[in-house]
Amino acid sequence: MKGLELFTTVTYAHFLFLSFVLFALGVLGVLLRRNLIVVMMSVELMLNAVNLTFITFAKALNQLDGQIFVFFVMTIAAAEAAVGLAIVVAIFKRFREVNIRFFQFLKG
Amino acid sequence: MSSELLFSLLIFAPLVGFAFNGLLGKKLGGHLYPGVIASVASFISFVASVGLFQLVSEQPEQAKYLVIHAFDWMQVGTFRLPVQFLIDPLSSIMILVITGVGTLIHIFSIGYMAEDPGIAKYFSYLNFFLFNMLILVTGDSLPLLFVGWEGVGLCSYLLIGFWYEDHEKAEAGMKAFIVNRVGDAAFLLGMFVLYSHFGTLNLLELNSLAPKEAIWNWLDPITIGTLLLFVGVTGKSAQVPLYVWLPDAMAGPTPVSALIHAATMVTAGVYMMVRLSYLYTAAPYTMIVVAAIGLLTAVLAATMGIVQWDIKKVLAYSTVSQLGYMVFACGVGAFSAAFFHLVTHAFFKALMFLGAGSVIYGMHHQQDIREMGGLNKRMPLTYWTFMIGWLSIIGLPPFSGFFSKDEIKWFALASDRGGNWIFWGLAWVGSLLTTFYMTRLMAYTFWRDKKYSADHQPHESPWVMTVPLMILAFLAATGGFLGIPHAIAQILPGHPNHWLEHWLKPVISLPTIKQGITVEYEWLLMGLSVVGSFTVAMVTRYLYLNRIDLIDRTRERFEVIHKVWVHKYYVDAFYQKYFVENLVLSSRDLWRYVDVGVIDRLVNKIADVTKELGRGFAWLQSGNMQNYAFITIIGLIIFVLFLFKG
Amino acid sequence: MLLSLIILFPLICALVMALLPDRRYLHKVALGMSVVEFLVGLVLYLKFDHNKTGLQFVEKILWIEDFGISYFLGVDGISIWLVLLTVFLQPIVVLASWSSINEKIKGYYVALFLLESAMIGSFITFDAVLFYLFWELSLVPMYFIIGLWGGERKIYATLKFFIYTMAGSIMMLVANGVMLLLAKETLGFYTTSLLDWYKIRIPFVGGEFFSPQTLLFFAYALAFAVKTPVFPFHTWLPDAHVQAPTAGSVILAGVMLKMGTYSFLRWVVPLFPEATQYWSWLFIVIGITGIIYGALMALVQNDIKKVIAYSSVSHMGYIIAGIFSLNELAMSGALYQMLNHGISTGALFLLVGMIYERTHTRDIVKYGGIAAQVPIYTVIFMIVTFSSIAVPLTNGFVGEFLILLGIYQNRPAWAAWAVAGVILGAGYMLWTVKRVFFGPAGQVVQDHGLHDLSQREILVMLPLVFLVFFMGIYPNYFLRLFEKGIIFLVENFHNYQLFSQITEGGL
Amino acid sequence: MVEALLFWFLALVTLFGAVAMLLVPNPIYAAMSLVVSMIGISGLFAFLGADFIAGVQVIVYAGAVLVLFVMVLMLFDLKSETQAFSKGLLSRIFKVASVGFLLGGLIGVMVLEFSWILPVFMQSSPQWTMTGVKKMAQLLFTEYMFIFQILGVLLLVVAVGAVALARSRGGTHERA
């Protein structure tokens, strides 16, 4: 598999590498963005990257368990989003902004 | 009556008296009840000991003892320690002396302590002392003896500190107990040594297992064991170097001094050595030490007795000195003589202490002999009984002291276990010193012109106090006939033998006479003693009554010696400075600089270091969440790197 | 089921206490319950077969199968006495708390009962994990007892106590893990049963510190040494004792310290016989140092509780030296001394607590001459003092005598140093007594009109005083059973030399 | 060939959405970009035969979660943001570099250490087949039933917790 073949034939490896890149982008979002909501979105992106890996393996190994896990991850993600946003709301009420810097106030 | 029953009467009568007075005495009130109850208890005990004595004398010659087994005290593996009591010729006499003299002193105390609010407590302690003392002399093994040994020490502590509100008296009690503890610690070690060597601590077994030949070896377990036990003796029987507590012990009530610190408890050490006579004779090095210490004590204590002004202190030093004689007698193998002196000493010293008590009572608690004088007119009964005690202690025949002391001096020369002229000479000098300070005491207290003020008229004591005095005086006068010396016995009609020696023969090792020492020597020594004592007594009496200026001049002339004697050879000061104060000070330093300064600081330092470490790493906890996430990512990178196998 | 009951009942008591409202009548409820628990202990004792060696009332239920961890309870001739001591002291402590604890009564008794359960548990379990559980569990209630009802520096003291002991027991946890692996390796299956562990032969190279047995030996020994406490790990003890409320001090001195010494006997000696034998000299030295050092420290303290706390260090020195003398005499003596110390030091702390309630000071300098004011108190204090300094016919003498004799059998020259403790012991205790009770009336007498012990307080002290004499006069009653216990202990040895050394007294 | 085109198209869409989310300062736009990315991922799921999951992805993420985000953003008018990225050029470079390193590491590990997987993965290109809901449901309601239930409870707790949190006045230090 050389040269053009890399682009013409799609293999499971493509999906894996794509999920790696997506995960890295998510990490960068968490590390660099200041807005809490965007940080949370980046986390969602990371979760999706992982989901993609699950689905890829599920397909490659011809097992459905991977898909089930994705299902669970999504549930957790939704829950996390709900709680996270609730915290954001609470933070906003107090600081009138949702900058990540808020967490510095939690320092003992 | 069976021996068990008699024995339980002997032991439990004082214990019941103790419990009764201790628990109920105060509630009953009154100043008579406690004393009467205690005296009755003591008297029951005395009757029981007479019965036991009778039983023992009925035993066959080969096994002249009774063993009363109570129960097993401790049993661990092969180590078995029964609570078992032994009534043999030795202990049967001891219990007679203890309960007999004890009863008299109880009765005396009824009068002496009548006005004291703590009378119930006093009598309960006294009974408890009897109980412990009886355990001491009847216990058939060293640990059981030790029970009594420490028990009497405990009672002594309680009774010395009886008037505890007085700082010094409380201190004297404590001193007595702790000094005794030093001896007791050695006593414990001695027991361990003997147990490891013989595998038993039973007194009879120890004596029978003791080798017949003397072992000339410092490192032999028997030598070490007996020496360690002897350290215990120096504590309890107030020998050099642990005698310091006894003079201070005079802080207690005077009858206590008579009972505990003269007649019975302090002789426990001598009793123990007599008891283990076979063991001691097997260790000749120990015997040398014992003899040297005993003689040293006898002479040193006598010199200190010369310069005392407190009537009880004079008697205390005299007690130390007489105990020295007993210990010395043990050291030259004359155990029977030591025991003989123990018995006669119990009579005449108890008599003298009670006499002193009577004087103090009559003088309204005045103890300084310089304030007395002329009491022979005021207190005739006390005077005459005291006189008998004096005659006895200076060793004039036919009073008891003459017989026992003379026997000791005789064996100082004649014993083939180390008797020699030097020993005899020192013992003789010691006895002359005794005569000197005792005569001085008599002169100051009785013979001199009266010194007391007119509004403190001394009075004769009531009969509860004088009757015991008289009984004791009788005993002190005649007690000597228990052991008539062989020389005298030979010329007496019927040749009465030395009864005590004969009686003790089954249980103790008897001294043998050196080759070449004949009966003429005995006459010679006896003559020297009697003439010496008589002369010294007369001269001293003359000097103190007529030529007091000569005495004063002599004292000034030898100021240095006088000072050393007054300061008790600086032994007390030495102990106080180098042991007590140094111990406390260095412990304080140890506490301050090692316990708090090093050990505890180290512990706290470890905690502090942990805390500082935490503070040091705290900058990581900046609160910047993205930094935390970043650190997580770094962790992830490291994890990924681990996946590379190479 | 009796053993489960004896652990569970205090837990139930704690629960009941927790559910009841916080009022003064809780004092009476607690007393009643602790008496019932004592009766349960008594039933255990009466049903105990005195002629059998080995474990009795065994309960063994597999708990975590994969690692062979089981709920394994049993008592033998040694542990039964410690259980009895615990259940015996509990009602006394409760009764003594009636007047001293006036707030947060409920929490106090909950902690006290939890503590009782944990301590009993650690004495009767024969499973390493369960033991560790009880061991650590016992820290928590004590932490609160000192921390909530203590003196001025209670937080410092309780933290020090907790963390110090915890740090020691971490060692035990690690060693437990290693032992588990060793069990798998040598026996072929995972087990945490102590009886199985006894069978493990752990490689031992004399003189080499890094041989497995030596390391494990020291790991366990360190945990127990802190708890005991052995010199030089003792500094938490004076702080904890001084700050603890009376009941805390009594339980701490009376029972908790025994957990350390008992564990030495139960765990260290039989598990690591070679190392024990090889290193016994070290522990005898430490023990004897502790005897003298504790006594010297006690000599110079001005706080009565500190005097007693340091005297505990001294007494613990006797016990450690006794255990490591490795012969039946000294071991029996050490066991006896454990009970003695529980009784006499417990009694001393109770007495100090009683006088503290009256005067609110523990400074000896302020005392003096109180004997005239409080005669009954003085008499009891003197009796307990004499027990503490081992006067014959009190319990203290029997223990010390056997220990010293045992030390002498093992190492004669060192016994002389141990005996020095006898002198110093008399020194510091009698000096304290003299300064507190005798002499002219001190400041406290002038400030407060002291009143003598109430009937309740006499009732608290009476059983202890009775035991002081009973154990002194008829020790064989206890020693008979110790013998069975020690035989059971050494029966499990694979080290024959040590076995014969202990049982036959030969060296 | 068609498959390849489809994959690359979906991959590009996904990556574009992700990068846009990362870079645009305005949170609303970021949310919108994420929606794009999510839909791309959903397509990829469908590509891999996970049709049910693909549907759920669109409904839950694009439809629910992100709507929630946007709603919050709009509710509080968080459009204006002075500072989109964290401060410090050095630390930013450092962070990007290490994430790059992480990515490189992951790919490196995949290629070098788990290369035994790659042939399997590389040779067989995925065939498009439908899984269907039925199979999923069978598995979910038998083997994973317990977890499924637990998740239900979790969601309930989260619902309550979210309401409680959102109702709070914010901050733990003082009470108004």
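Read-outs: derived from the displayed coordinates by stated rules, not from any lab. Not measured: the values here are computed from a predicted model. Here the Cβ positions follow ideal geometry from the backbone for every residue, glycine too, while neighbour counts run over all protein chains shown.
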query = What per residue convex hull volume, in Å³, do the alpha-carbon atoms of segment C:2-504 yield?
reply = 128
note = Rh_Kirkwood(chain A) over Cα pairs, Å, one decimal, evaluates to 16.0
ask   = Can you pull the mean other chain C-beta count within 10 Å for peptide C:437-446?
value = 3
task = For D:Lys87, go through the aspartates and glutamates and keep the ones whose alpha-carbon is under 18 Å away, minus same-chain ones fewer than eight residues off.
result = A:Glu97
request  = Just tell me which aspartates and glutamates come within less than 19 Å, Cα to Cα, of A:Lys93; anything on the same chain fewer than 8 places away is out.
outcome  = D:Asp77, D:Glu81, D:Glu174
inquiry  = Report the Rg/Rh value for segment B:490-621, based on alpha-carbon coordinates and the Kirkwood definition of Rh.
reply    = 1.46
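Evaluate peptide B:625-638: per residue, the Cβ atoms of other protein chains within 10 Å of its Cβ; return the mean as an integer. Walk me through the intermediate numbers first.
Working: counts 9, 12, 4, 1, 8, 9, 0, 3, 10, 3, 0, 6, 7, 1.
What the average comes to for B:625-638 is 5.
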query = Under a 5 Å amide H to amide H cut-off, with H placed in plane at 1.01 Å, what residues pair with C:Gly77 once short-range neighbours are removed?
reply = C:Gly54, C:Gly485
inquiry  = Can you give the FRET efficiency to the nearest 0.05 for C:Ala441 and C:Leu8, using r as the Cβ-Cβ distance and R₀ = 56 Å?
reply    = 0.65
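Averaged across C:232-241, how many Cβ atoms of other chains sit within 10 Å of each residue's Cβ atom? Write down the numbers at each step before the final one.
On the way: counts 7, 2, 4, 9, 2, 0, 3, 2, 0, 0.
Average neighbour count from other chains, rounded to a whole number: 3.
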Length-normalised contact order of chain A in % [C-alpha pairs under 8 Å, at least 6 apart] = 25
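Can you tell me the order of C:205-217, C:56-68, C:307-319 when each peptide is scored by its average per-residue count of other Cβ atoms within 10 angstrom, highest first? Please report the intermediate quantities before stating the final value.
On the way: C:205-217: 15.6, C:56-68: 13.5, C:307-319: 28.2.
Top to bottom by mean Cβ count within 10 Å: C:307-319, C:205-217, C:56-68.
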ask   = Which angle from 0 to 90°, rounded to the nearest 10, does the C-alpha axis of helix C:154-187 make with the longest principal axis of chain C?
value = 20
query = Helix C:395-410 versus the longest principal axis of chain C: what angle, 0 to 90°, nearest 10, using Cα atoms?
reply = 40
key: Normalised contact order of chain C, rounded percent, pairs of Cα under 8 Å and 6 or more residues apart   = 15
remark   = With segment D:1-84 reduced to its Cα atoms and the Debye formula applied, log10 I(q)/I(0) at q = 0.15 1/Å amounts to -0.58
request  = Would you give the gap between the C-alpha center of segment B:495-565 and the C-alpha center of segment C:343-372, rounded to a whole Å?
outcome  = 54
Cα centroid of segment B:627-643 to Cα centroid of segment C:145-198, whole Å = 34
ask   = What are the ³J(HN,Hα) values, in whole Hz, obtained from phi via the Karplus relation 6.51 cos²θ - 1.76 cosθ + 1.60 with θ = phi - 60°, for each residue of segment C:110-117 in sequence order, with x given for Gly and Pro?
value = 4, 4, 5, 6, 4, 4, 4, 4
key: Sorted largest first, extent of segment B:1-140 alpha carbons per principal axis (Å)   = 51, 36, 21
remark   = With bins of 10 Å, the percent of all Cα-Cα pairs of segment B:92-210 per bin from 0 is 13, 34, 32, 15, 5, 0
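Take the Cα pairs of chain B, get the Kirkwood Rh, then feed it into Stokes-Einstein at 20 °C and 1.002 mPa s and tell me D in µm²/s. Don't jump to the answer; show the numbers that get you there.
Details: Rh = 26.7 Å.
Translational D for this selection: 80 µm²/s.
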ask   = Counting alpha carbon pairs within less than 8 Å and at least 6 residues apart, what relative contact order, in whole percent, applies to segment B:211-343?
value = 30
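Per residue, how big is the convex hull of the protein assembly as shown when only Cα atoms are used? Give it in Å³.
Working: hull volume 322.5 nm³, N = 1437.
Normalising the Cα hull of the protein assembly as shown by residue number yields 224 Å³.
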ask   = Around B:Ala114, which amide H atoms from residues at least 5 apart in sequence, or from another chain, sit under 5 Å from its own amide H, with H modelled in the peptide plane?
value = none
message = With viscosity set to 0.890 mPa s at 25 °C, what whole-number translational diffusion coefficient in µm²/s follows for segment C:349-466 from Stokes-Einstein and a Kirkwood radius over Cα pairs?
response = 156
request  = Mind scanning B:Lys611/C:Lys258; B:Lys26/B:Lys313; B:Lys313/B:Lys451; B:Lys175/B:Lys312 and naming the pairs with a C-alpha gap bigger than 23 Å?
outcome  = B:Lys611/C:Lys258; B:Lys26/B:Lys313
note = Taking the alpha-carbon centre of each part, the distance from segment A:1-79 to segment B:331-361 in Å is 109
request  = Let me know the volume per residue of the alpha-carbon convex hull for segment B:572-643, in Å³.
outcome  = 93
request  = Enumerate the lysines that C:Lys104 could reach by cross-link, defined here as Cα to Cα under 18 Å, with residues fewer than 8 away along the same chain left out.
outcome  = C:Lys28, C:Lys154
query = By how many degrees, between 0 and 90 and to the nearest 10, does the Cα long axis of helix C:139-149 differ from the longest principal axis of chain C?
reply = 10
message = In Å and on Cα atoms, what radius of gyration and Dmax does segment C:139-184 show?
response = 15.0, 50
query = For segment B:301-457, what is the largest minus smallest coordinate of the Cα atoms on each principal axis, given in angstrom and ordered from greatest to least?
reply = 60, 25, 21
